[in-house]
Amino acid sequence: MTTIKDNLKEIQENITTAAARCGRNPADITLVGVSKKHSVEKLQQAIHAGLSDLGENYIQEAMDKIDAIGSPAACWHFIGHLQSNKARFAVRYFDLIHTVDKIKLAREIDKQAKKIDKRQKILIQVNIAEEETKSGADAHDAVELTQAVTQFENLELQGLMCMPPYFDDPEEARPYFRHLVRIREQILAAGVTSDAMRHLSMGMSHDFAVAIQEGATLVRVGTAIFGARS
């Protein structure tokens, strides 16, 4: 029976291998452990085993865990759908919010960050496959949204995030990752700085190797680290 420490070691080796195959430095790729529905004990095991970044999907669950573990124990990523009325909690608890998809939400995050004198790091989520069941800005709106977000004083835009459809064959996700890269190129061409586009959050347990080959800097891995959710 493998442990969380064993799983992390294997995933880091796979990240290193995927990076080497495309001439990238594995140090440029951050593993975010997706810890939703996993216990505080499991999260602590992962932190003790060297995992420095954790991603949560649900505000209340995350707040309880972060209060129990302590905010400095990890870099906390919010990777779930965020409603504007929960923005104040996300700003208080999370280092990076991956899922900003509307100007209304960006404005509320900026407002809440200003209240606590914080510059909140965010990513723009793009609904890369235009799936009705998934959140994210439409691809054709991404450039305009990104330009608007850079005007907020208390937001620090750091890049883009996407969730392609699930495929049994990870190769089928590759065109979606490439699409996000093209959108980033359009955003840069429109005058947004490279610092604001430093990250691409894409790739999960089954397809992160392909995502790395296409330029991912943040890969979100849950099941391969923590096992099945309770």
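The values are calculated or read from the model by the stated rules, or taken from the named source; none is laboratory data. What you see is a predicted model, and the numbers here were worked out from it, not measured in a lab. Ideal geometry is used to build each Cβ from the backbone, glycine not excepted, and the neighbour counts take in all protein chains shown.
For region 1-41, a residue qualifies if it is in contact (Cβ under 8 Å) with a residue 24 or more places away in the chain, surrounded by fewer than 18 Cβ atoms within 10 Å (Cβ to Cβ), over 20 Å from the mean Cα position of the chain (by Cα) and under 23 Å from Lys65 (Cβ atoms), and the qualifying residues are Thr3, Lys5, Ser39, Val40. Evaluate region 79-90: report whether one residue or more is surrounded by fewer than 18 Cβ atoms within 10 Å (Cβ to Cβ), of a type in the set (Gly, Ala, Ser) and in contact with a Cys (Cβ under 8 Å, 6 or more places away or on another chain). The answer is no; no qualifying residue exists.
Select from region 198-212 the residues that are in a helix (DSSP H, G or I) and touching a residue at least 40 places away in the same chain (Cβ under 8 Å) and write down the one among them that is surrounded by the most Cβ atoms within 10 Å (Cβ to Cβ). Filtering first and then ranking leaves Ile212. Using the structure shown, decide if Gly215 is in contact (Cβ under 8 Å) with a residue 12 or more places away in the chain, over 13 Å from Gly33 (Cα atoms) and either over 17 Å from the mean Cα position of the chain (by Cα) or assigned to a loop (DSSP other than H, G, I, E, B) (or both). When the stated conditions are applied, Gly215 passes them.
Scanning region 16-43 for residues that are of a type in the set (A, V, I, L, M, F, W, C), under 17 Å from Phe226 (Cβ atoms) and part of a helix (DSSP H, G or I) returns Val40, Leu43. On the basis of being under 25 Å from Lys37 (Cβ atoms), over 13 Å from the mean Cα position of the chain (by Cα) and β-branched (Val, Ile, Thr), does Val91 make the cut? Here the answer is yes, as Val91 does meet what is asked.
So which of Leu82, Leu96, Leu123 is out of contact with any Phe, Trp or Tyr (no Cβ under 7 Å at 6 or more places or on another chain), of a type in the set (A, V, I, L, M, F, W, C) and either farther than 13 Å from Glu156 by Cβ or at pLDDT below 95 (or both)?
None of the other options fit; the residue is Leu82.
The residue that is farthest from Ile183 (Cα to Cα), counting only those in region 213-230 that are of a type in the set (D, E, K, R) and surrounded by fewer than 23 Cβ atoms within 10 Å (Cβ to Cβ), is Arg229. Can you confirm whether Ala211 is more than 27 Å from Lys42 (Cα to Cα) and among the aliphatic types (A, V, I, L, M)? Judged against the criteria, Ala211 is not a match. Listed by first and then second residue, the pairs with beta-carbon distance under 6 Å, at least 6 apart or on different chains, first residue in region 59-76 and under 18 Å from Ile97 (Cα atoms) and in contact (Cβ under 8 Å) with a residue 24 or more places away in the chain, second charged (D, E, K, R) and outside any helix (DSSP H, G or I), are Ala62/Glu56.
Note on region 218-230: among residues that are outside any loop (DSSP other than H, G, I, E, B) and aliphatic (A, V, I, L, M), the one that is farthest from Glu130 (Cα to Cα) is Ile225.
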